[in-house]
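First up is the structure itself, then whatever we jot down about it.
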Amino acid sequence: MNAAVIPAIESPRILVIEDDPTLSALVREQLDHHGFCTTQAFDGLSGLQEALKEPYHLILLDVLLPKMDGFEVLSKLRQHTDTPVVMLSARGAEEDRICGFRSGADDYLPKPFNVTELLLRINAIMRRSHEAQPQKRSNKLTVGDGLALFAREQVAMLQSEPMPLTAMEFRLLWLLAEQQGETLSKPYLYQTLMDRPYSRYDRSLDMHISKLRRKLQDAGFDSARLVTRHGKGYSLT
């Protein structure tokens, strides 16, 4: 999986995959007004093709789409790119949110949503995804057992083979590796990774941890080293 290579441009590029033309037009109008360059797609198949054809900073992806639903689009998309994805859905059931995060979504926003909240979430995700690495931070972290993380490239390598991590999964693994052996609390991780306070009803972090643990195991890393400290948080031993 590769991160999208986007040339230095003035306006961040966002792809909106939404079959409701009224909502899509409203979102595009607001994004354009706030300095984004917006492209629209109105079904899952054309949205996937557009997402793979051109590099984008972020994708807004509806769940209920004609030709190919949002979950399938995201699953296919994650085979090729880790471009941040925010899923939009009128289906607010917990199992739908869990499915979205398991498929590789970076965030999930139920409809109807407040445009201001959407903009705040977009800005938070893009800030985390594209901010320059601090000079004081090393570009490489060695975890052990053949696992190494490279900050500038946003790549995790196990035995010299790249792992298919999303941007959120990489940031989560980097944060745990950077403080290896320490237990990081859920409130700390929510605020640091997602720019929002922790709620005991919000399971998005649990889903990211679960998927990261599964990918580590599939790649041959001892996933038991990613430890859940019940009532406390998570640690990488």
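Just so you know, all these numbers are worked out from the coordinates, no wet-lab data involved. Bear in mind that the values here come from a model prediction, so they are computed numbers and not experimental data. We place every Cβ from the backbone using ideal geometry, glycine too, and count neighbours over all the protein chains shown.
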Report, to the nearest 10°, how far helix 167-178 tilts away from the longest principal axis of the Cα atoms in the chain, using its own Cα long axis and a range of 0 to 90°.
20
Segment 140-236 - charge dipole about Cα centre, Lys and Arg +1 at Cβ, Asp and Glu -1, debye rounded to 20:
340
Hydrodynamic calc, the chain: Kirkwood Rh from Cα pairs, then Stokes-Einstein at 10 °C with viscosity 1.306 mPa s, so D in µm² s⁻¹ is 87
Over the chain, what relative contact order in percent results from Cα pairs under 8 Å that are six or more residues apart?
15
Mind running the shape call on segment 117-237? Use the C-alpha gyration tensor, a ≥ b ≥ c as the square roots of the eigenvalues: rounded below 1.5 for a/c, prolate if a/b tops b/c, oblate otherwise.
oblate
Cα-based helix-to-principal-axis angle, 204-219 vs the chain, degrees rounded to 10:
60
Which angle between 0 and 90 degrees, to the nearest 10, do you get for helix 115-130 versus the longest principal axis of the chain when only C-alpha atoms count?
40
Measuring from its Cα centre, segment 13-130 shows a charge dipole (+1 at each Lys and Arg Cβ, -1 at each Asp and Glu Cβ) which, in debye to the nearest 20, is 340
Hey, rough spin-label estimate for Asp202 and Lys67, points 7 angstrom out along Cα→Cβ, what's it come to in nanometres?
3.5
Go ahead and estimate [θ] at 222 nm for the chain from helices alone: -39,500 (n - 2.57) per DSSP H run with n ≥ 4, summed, over the residue count, rounded to 500.
-12000 deg cm²/dmol
Could you check the spin-label model distance between Leu120 and Glu95? Points 7 Å from the Cα along Cα→Cβ, value in nm.
3.1
Restricting attention to segment 181-237, which chymotrypsin sites (Phe, Trp or Tyr not before Pro) occupy a DSSP loop and are surrounded by at most 10 other Cβ atoms within 10 Å?
Tyr201
Using the basic label-point model (7 angstrom from Cα toward the beta carbon), what is the Arg127 to Ser11 distance in nanometres?
2.3
